[in-house]
Amino acid sequence: NGDFGLGFGDVNGDGYQDIASGHYFYRNPGGNMSVPWPRVNLPHDPSNGGMLDASLLFSASGGGNPSDILAEYLPDVVWLHTNDQGVTWTPKVVAQIPRTGHGNSRTTYLVTNLSPSSTNVLLSGGDGIYRLQIPINPNSTPWPTTKITSSIGEQKGFGVGDINGDGHPDISTNGGESSGTLNKNLYWWTNPWGGNGL
């Protein structure tokens with residue numbers, strides 16, 4: 001199904017990193033971690049029943065323990081929230097971006113200083129990289145979504161960092177892949193910090 005997600009975070013505040021990956025949430029047992037990790041099956045996409053690919057553990061409120069997962073069954077981007085430390089998760093479709101040739105995105109980043117006033121998630125779609133703004137109230141949907149790079153096909157991997165030293169994170173990526181042909185050029189996408197691109 002094109003599952004590539006792998007996210008880490010201490011959901012229950014016990015000092016050990018838990019994992020969200022593919023269709024599952026894994027609670028870290030602590031200690032020497034030699035026993036099987038308790039596994040929770042994540043819910044399916046609420047709009048079409050597809051099996052979600054969890055790619056990010058984070059805090060949608062911007063504080064406290066991570067109690068949220070960003071997952072995909074593209075074109076749906078789904079936010080999952082827990083109120084019981086990961087025992088159950090409630091899904092909600094918050095955005096849509098184009099599917100990739102193999103299903104879901106290969107790369108997802110949480111970026112807190114991408115723009116002046118919001119926490120953002122960057123993920124690759126079938127025709128470029130998209131920015132999702134996390135609203136102050138995450139239940140407000142859809143989450144604002146902006147395509148911030150362009151390509152013919154998916155940009156399979158990208159990095160985020162301040163390339164030009166202006167204090168704002170930029171994006172570096174390849175030119176994308178279409179019909180099995182990879183554009184091997186390397187591109188630098190400059191952060192306009194509040195301009196038309198963000």
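Does Val121 qualify as being within 18 Å of Leu6 (Cβ to Cβ) and of a type in the set (A, V, I, L, M, F, W, C)? Criteria met by Val121. A residue that is buried (at least 17 other Cβ atoms within 10 Å of the Cβ), modelled with pLDDT of 95 or more and closer than 21 Å to Thr112 by Cβ cannot be found anywhere in the stretch 28-51.
Might you check whether a residue that is at pLDDT 95 or above, within 12 Å of the chain's Cα centre (by Cα) and under 17 Å from Gln133 (Cα atoms) occurs anywhere in the stretch 80-92? Within the stretch 80-92, one or more residues are at pLDDT 95 or above, within 12 Å of the chain's Cα centre (by Cα) and under 17 Å from Gln133 (Cα atoms).
Consider Pro91 carefully, then state whether it is more than 26 Å from Phe158 (Cα to Cα), assigned to a loop (DSSP other than H, G, I, E, B) and open to solvent by 20 Å² or more (accessible area, probe 1.4 Å). Answer is no for this residue.
For the stretch 111-131, filtered to residues that are open to solvent by 10 Å² or more (accessible area, probe 1.4 Å) and under 16 Å from Tyr187 (Cα atoms), the residue that is farthest from the chain's Cα centre (by Cα) is Asp127.
Listed conditions (1) modelled with pLDDT under 95; (2) polar (S, T, N, Q); (3) buried (at least 19 other Cβ atoms within 10 Å of the Cβ) are all met by Ser67, apart from (1).
Which residue, of Ser21, Ser55, is assigned to a strand (DSSP E or B), touching a strand residue (DSSP E or B) at 6+ places or on another chain (Cβ under 9 Å) and open to solvent by 20 Å² or more (accessible area, probe 1.4 Å)? Just a single option satisfies the conditions, and that option is Ser21.
Suppose the filter is at pLDDT 90 or above, part of a loop (DSSP other than H, G, I, E, B) and open to solvent by less than 50 Å² (accessible area, probe 1.4 Å); does Pro138 pass it? Answer is yes for this residue.
The values are calculated or read from the model by the stated rules, or taken from the named source; none is laboratory data. All figures in this text were calculated on a predicted structure; none of them were measured in a lab. Note: ideal-geometry Cβ built from the backbone for every residue, glycine included; neighbour counts use all protein chains shown. Surface accessibility is based on the protein's heavy atoms, side chains included, excluding ligands, DNA and RNA. Shrake-Rupley method; radii C 1.70, N 1.55, O 1.52, S 1.80 Å.
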